[in-house]
Amino acid sequence: MRSQKGMSLVEVMATVTVLAVAILAITFLLQTSSSAARDNEAIERSVQVTRTVMEEIKFNLKSNSSVTVYGQSINLNTIRTSEPPYLAPSLFYPSISDKQYKIEIQSLQVDNKYTIKGDPYQVKNYFRKILVTCVNLKSNHSYELEALVEYN
């Protein structure tokens, strides 16, 4: 009998099986990381949208009657003059016709528990507590940003 060199069918099948499992594992990891990257991108977009709306309100609440964000108007007079809590009409990002994110703006009650040099400070006469919430309509994840905004 001659000594034959090479691999038997069993060895080839075992090698193919090991390679298939390794390729499946790598594919699963790539898919998972891609999904996580998409989720992080959506979260980052929510944060960006929320901060943009809050900055527009902070910059304009004291002096303007309205501001346009993402092609939609926010009535600042109503936020300024309405007794808290007040919920403004919802906005949508990137536009009213392409609703991917819902943006809610609320004016909330301000605590008057602040004192300056022992004297009570009537915060509610000068500031509004504004809460901006951005909800991803696909995943239903939300991001909130709250700030005291000078209005008077």
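The values are calculated or read from the model by the stated rules, or taken from the named source; none is laboratory data. Keep in mind that this is a model prediction, so the values were computed, not measured. Because the Cβ atoms are built from the backbone with ideal geometry, glycine has one as well, and the counts that use them run over all protein chains shown.
Suppose the filter is over 30 Å from Asp111 (Cα atoms) and not hydrophobic (A, V, I, L, M, F, W, C); does Glu83 pass it? Write out each step before concluding.
Details: over 30 Å from Asp111 (Cα atoms): no; not hydrophobic (A, V, I, L, M, F, W, C): yes.
Taking the combined requirement at face value, the residue does not satisfy it.
Which residues, taken from the stretch 131-146, are in contact with a helix residue (DSSP H, G or I) (Cβ under 6 Å, 6 or more places away or on another chain) and aliphatic (A, V, I, L, M)?
Of all residues in the stretch 131-146, those in contact with a helix residue (DSSP H, G or I) (Cβ under 6 Å, 6 or more places away or on another chain) come to 132, 134, 136, 143, 145.
Residues satisfying the conditions are Val132, Leu145.
What residue, of Lys58, Lys62, Lys138, is under 23 Å from Asp39 (Cα atoms) and surrounded by fewer than 17 Cβ atoms within 10 Å (Cβ to Cβ)? Answer to the selection: Lys138.
What about Asn112, is it more than 19 Å from the chain's Cα centre (by Cα) and surrounded by 15 or more Cβ atoms within 10 Å (Cβ to Cβ)? So Asn112 does not fit the description; no.
Please pick out the residue among Ser90, Ser107, Ser65 that is touching a residue at least 12 places away in the same chain (Cβ under 8 Å) and in contact with a Pro (Cβ under 6 Å, 6 or more places away or on another chain). Let's see the steps before the verdict.
Numbers: Ser90 fails: in contact with a Pro (Cβ under 6 Å, 6 or more places away or on another chain); Ser65 fails: in contact with a Pro (Cβ under 6 Å, 6 or more places away or on another chain).
Exactly one of Ser90, Ser107, Ser65 is touching a residue at least 12 places away in the same chain (Cβ under 8 Å) and in contact with a Pro (Cβ under 6 Å, 6 or more places away or on another chain), namely Ser107.
Taking into account only those residues within the stretch 40-49 that are aliphatic (A, V, I, L, M) and modelled with pLDDT of 90 or more, which is farthest from Ile105 (Cα to Cα)? Give the steps one after another, and end with the answer.
If we filter the stretch 40-49 for residues that are aliphatic (A, V, I, L, M), which is where we start, we get 42-43, 47, 49.
Filter again for modelled with pLDDT of 90 or more, leaving 47, 49.
Values: Val47: 14, Val49: 12 Å.
Residue satisfying both the conditions and the ranking: Val47.
Taking the stated definitions as given, is Ala36 modelled with pLDDT under 90, surrounded by fewer than 16 Cβ atoms within 10 Å (Cβ to Cβ) and assigned to a helix (DSSP H, G or I)? Steps first, answer last, please.
Numbers: modelled with pLDDT under 90: yes; surrounded by fewer than 16 Cβ atoms within 10 Å (Cβ to Cβ): yes; assigned to a helix (DSSP H, G or I): yes.
The answer is yes for Ala36.
Within the stretch 65-74, track down each residue that is surrounded by 15 or more Cβ atoms within 10 Å (Cβ to Cβ) and either among the acidic types (Asp, Glu) or out of contact with any helix residue (DSSP H, G or I) (no Cβ under 9 Å at 6 or more places or on another chain) (or both).
First, pick out the residues of the stretch 65-74 that are surrounded by 15 or more Cβ atoms within 10 Å (Cβ to Cβ): 67, 69-70, 72, 74.
Across the stretch 65-74, the qualifying residue is only Gln72.
Taking the stretch 116-152 as the range and being outside any loop (DSSP other than H, G, I, E, B), over 29 Å from Ser46 (Cβ atoms) and in contact with a Phe, Trp or Tyr (Cβ under 6 Å, 6 or more places away or on another chain) as the test, only Tyr121 passes. Just one of the listed residues (Ile96, Ile23, Ile79, Ile43) is closer than 15 Å to Ile130 by Cα and of a type outside the set (Gly, Ala, Ser), namely Ile79.
The lone criterion from (1) out of contact with any Ser or Thr (no Cβ under 7 Å at 6 or more places or on another chain); (2) in contact (Cβ under 8 Å) with a residue 60 or more places away in the chain left unmet by Arg128 is number (1).
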